[in-house]
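Some notes on the structure that comes next.
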Protein chains: 2
Amino acid sequence: MSNEHQGALAERVSEPVIPQEVAKDISLLEQQFIRAEVEQLRQSVLSFRPLFEKRAKIIAHPEVASNFWLRVLSNAPADIDEYISSSDAAILGSALKSLNVERFELDEKGQGEPRSIRFTFEFATGDANPFFENEKLVKEFYWRKQVLTTPSGKKRTWDGLVSEPVRINWKKDMDITKGLLDAACDLFEAEKKGGDRKELPEAKNLVGKLAEVEALEEEEEDEDDEYPSQTPGSSFFNFFGYRGSDVTAEHSATATKEENERFEKILKGENVEDDEADDDEEVDDDFDTFEVFPDGGELAIALAEDLWPNALKYYVQSFEEVPDFDEDDLEEGDESDDENDEDEASRPRKKTKV
Amino acid sequence: MSNEHQGALAERVSEPVIPQEVAKDISLLEQQFIRAEVEQLRQSVLSFRPLFEKRAKIIAHPEVASNFWLRVLSNAPADIDEYISSSDAAILGSALKSLNVERFELDEKGQGEPRSIRFTFEFATGDANPFFENEKLVKEFYWRKQVLTTPSGKKRTWDGLVSEPVRINWKKDMDITKGLLDAACDLFEAEKKGGDRKELPEAKNLVGKLAEVEALEEEEEDEDDEYPSQTPGSSFFNFFGYRGSDVTAEHSATATKEENERFEKILKGENVEDDEADDDEEVDDDFDTFEVFPDGGELAIALAEDLWPNALKYYVQSFEEVPDFDEDDLEEGDESDDENDEDEASRPRKKTKV
């Protein structure tokens with residue numbers, strides 16, 4: 001599921017003492033695990049769809065709809081919660097109307113890529129949303145595969161989620177991303193018109209904005225010790241600027257086809273050319289330099305695999321929260337409360353923010 | 001999956017403004033989600049079994065077997081890693097030979113409870129294990145359901161993992177649990193012989209040991225700021241003492257049957273008696289007082305749903321770790337390293353300990 005560099009594993013593992021044959025078996029079995037996981041996801045998406053439709057009907061009830069996603073987000077686990085700052089929460093709290101998650105490349109017969117994800121955020125409009133004009137923000141993530149070539153001509157496979165930046169029409173002085181998201185969109189649009197990315201003025205502008213935000217983060221770092229994983233200068237709304245990489249659908253299809261053929265050959269016991277690169281060999285890829293939300297792929301997966309299927313659970317839990325939670329209770333709680341204390345303690349408590 | 005108090009949800013949700021009918025729909029849909037998740041787990045366990053068997057053969061190769069589970073454990077995610085102290089790691093690092101996880105109540109045809117889990121830890125023996133005599137530690141967790149009655153006669157349903165304590169035959173002065181695990185086993189054995197738990201001298205002894213360890217924790221609390229979630233006085237080996245609750249198989253079967261019948265009636269649109277308790281109403285349950293590893297159920301689920309299926313991935317990742325990771329690199333890293341830095345930073349780094 002994660003966008004790791006695959007392929008160079010066999011060599012890696014074999015480095016210390018592991019025989020080449022065993023390393024190859026490990027590499028092949030890893031592929032088989034990934035394929036089984038994708039199949040499982042495919043079945044899971046299909047079997048849960050009717051329940052999500054039922055849920056959509058129930059949460060459309062006005063008393064529930066008014067704060068369903070706020071309550072869900074306020075109970076999200078740490079690996080989602082850490083990306084939502086108090087300023088983000090203020091925006092989401094007052095303007096978010098609904099969220100929908102679709103595995104849009106998977107059709108009703110179960111054909112297609114189940115790992116591609118579409119998020120549709122709906123917002124209040126007019127005066128009800130003092131922050132931006134958009135009634136809807138649609139962010140699509142495509143699962144793509146890519147074969148990169150190292151300087152020595154060896155190959156490295158990358159796969160993961162890629163996406164196009166989505167612009168937000170901020171109202172005056174309301175841009176919480178401090179121009180970062182706009183800069184990412186500007187660069188993307190300039191690239192589409194052609195030209196080398198590195199040479200574009202929009203690229204220079206984006207790198208400058210990134211440096212500004214980084215400086216701001218360092219400045220604010222000491223002020224917010226309570227939630228150390230949250231980077232104060234950045235915003236959840238930069239998620240809409242995530243790109244991941246710029247693998248086209250065509251390149252991805254070719255890479256996938258090649259890998260499938262290679263996999264089939266290995267399964268049949270045929271010899272395949274071993275031209276995979278070591279991890280030591282760098283691939284010239286400047287993409288990360290222009291990334292405004294480096295963890296976008298991981299957050300998309302966490303939202304789609306955890307927040308979305310468990311939303312009803314998080315909603316119900318939001319009513320079970322202790323309203324005035326006292327830090328001191330944790331320290332001096334007696335043994336009989338240990339289990340509950342642990343649950344409370346293992347998650348950042350920001351329940352008041354949305 | 002989690003052992004929460006179910007059932008009282010409808011009332012909870014309805015408390016502020018949500019109409020009773022909508023609250024009932026939410027409660028029913030929650031049940032349907034849980035049932036769908038169990039079905040998915042059932043299918044997943046069946047379809048992954050052949051891959052786990054293949055993996056067992058590959059990792060039996062001597063060069064891999066020598067440190068497979070150590071490498072896996074050293075790359076475990078935070079929600080597992082936090083329970084393994086450096087002293088635990090020293091024991092596991094030198095004595096653990098293998099680990100096996102079985103959904104032992106699920107047969108080959110897919111019949112039975114897929115949530116019950118058996119862990120089999122195999123250890124070195126004789127001088128190769130200076131810590132304890134056991135060649136094998138088998139810890140079985142049963143998924144059980146229970147109907148508790150509140151003082152006012154209302155009902156509350158609990159379900160989750162229950163288990164019997166497993167004794168470890170520590171070598172002289174080697175008991176890392178400081179007598180806690182022994183005390184849990186002593187109490188359990190005394191209970192089996194009959195008598196009220198609260199009146200047994202073994203209960204008093206266990207509560208005393210728990211207080212000792214708690215005092216030790218408070219003492220050591222300031223010394224280890226780097227991994228705040230790890231409680232210094234406690235040990236992973238107390239996991240073998242986890243009990244959860246004392247629901248018998250018979251009680252669980254009755255409660256499950258009753259709940260299924262209730263669920264079927266609701267699905268058919270029939271009226272069912274609404275005798276579920278509010279969350280405010282306490283059930284007299286002293287069980288937590290005698291629990292030596294309160295998070296045992298959650299850790300069992302994390303080990304079975306994450307560590308076990310992803311073991312090969314964690315093993316391969318263990319070769320990709322930067323050997324001498326420098327904290328300073330994190331602070332001053334340039335943008336192009338952001339993604340890797342984040343990955344590193346989001347997980348406790350205790351790679352050297354096993």
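Annotations for the structure displayed:
- Checked against the criterion of being among the β-branched types (V, I, T) and at pLDDT 95 or above, the candidates A:V13, A:V64, A:V38, A:V72 yield just one match: A:V38.
- Among the residues making up segment B:106-148, a single one is surrounded by fewer than 20 Cβ atoms within 10 Å (Cβ to Cβ), in contact (Cβ under 8 Å) with a residue 60 or more places away in the chain and among the β-branched types (V, I, T): B:V147.
- Filter result (more than 7 Å from chain B (Cβ to nearest Cβ) and open to solvent by less than 40 Å² (accessible area, probe 1.4 Å)) within segment A:15-33: A:A23, A:S27, A:L28, A:Q31
- Some residue of segment B:228-241 being open to solvent by 80 Å² or more (accessible area, probe 1.4 Å) and either within 12 Å of chain A (Cβ to nearest Cβ) or at pLDDT below 75 (or both): yes
Yes or no, residue by residue, for (1) under 30 Å from A:S252 (Cβ atoms); (2) touching an Asp or Glu at 6+ places or on another chain (Cβ under 7 Å); (3) of a type in the set (F, W, Y):
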{"residue": "A:S74", "(1), (2), (3)": "no, no, no"}
{"residue": "A:F141", "(1), (2), (3)": "yes, no, yes"}
{"residue": "A:T149", "(1), (2), (3)": "yes, no, no"}
{"residue": "A:P165", "(1), (2), (3)": "yes, no, no"}
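- Check on B:R42, within 11 Å of chain A (Cβ to nearest Cβ) and under 21 Å from the mean Cα position of the chain (by Cα): no
- Answer from A:F263, A:F319 - the residue that is modelled with pLDDT under 95 and within 14 Å of chain B (Cβ to nearest Cβ): A:F319
- Residue in segment B:280-304 that is farthest from the chain's Cα centre (by Cα), counting only those that are open to solvent by 30 Å² or more (accessible area, probe 1.4 Å) and at pLDDT 95 or above: B:I301
- Here is the figure for segment A:170-202: residues that are farther than 30 Å from A:F123 by Cα, assigned to a helix (DSSP H, G or I) and open to solvent by less than 60 Å² (accessible area, probe 1.4 Å) total 1.
- Residue count for segment A:85-104 satisfying the condition of being of a type in the set (V, I, T) and open to solvent by 10 Å² or more (accessible area, probe 1.4 Å): 1.
- Identity of the residue in segment B:34-44, open to solvent by less than 60 Å² (accessible area, probe 1.4 Å) and either out of contact with any Ser or Thr (no Cβ under 9 Å at 6 or more places or on another chain) or of a type in the set (D, E, K, R) (or both), that ends up farthest from A:I58 (Cα to Cα): B:R42
- Filtered residue count, segment B:161-180, keeping only those that are more than 26 Å from B:E105 (Cα to Cα) and of a type outside the set (V, I, T): 10
- The requirement of being within 16 Å of the chain's Cα centre (by Cα), within 26 Å of B:R42 (Cα to Cα) and part of a loop (DSSP other than H, G, I, E, B) is satisfied by B:R115.
- Scan of segment B:45-58 for residues that are facing another protein chain (nearest Cβ under 10 Å) and either without any contact (Cβ under 8 Å) to a residue 60 or more places away in the chain or open to solvent by 30 Å² or more (accessible area, probe 1.4 Å) (or both), ordered by number: B:S47, B:P50, B:L51, B:F52, B:K54, B:K57, B:I58
The values are calculated or read from the model by the stated rules, or taken from the named source; none is laboratory data. Everything numeric here is computed off the predicted structure, so don't read it as measured data. Cβ sites come from the backbone with ideal geometry, for glycine too, and all protein chains shown count toward neighbours. For the accessible areas, the whole protein counts, side chains as well, though only heavy atoms, and no ligand, DNA or RNA atoms are used. Shrake-Rupley method; radii C 1.70, N 1.55, O 1.52, S 1.80 Å.
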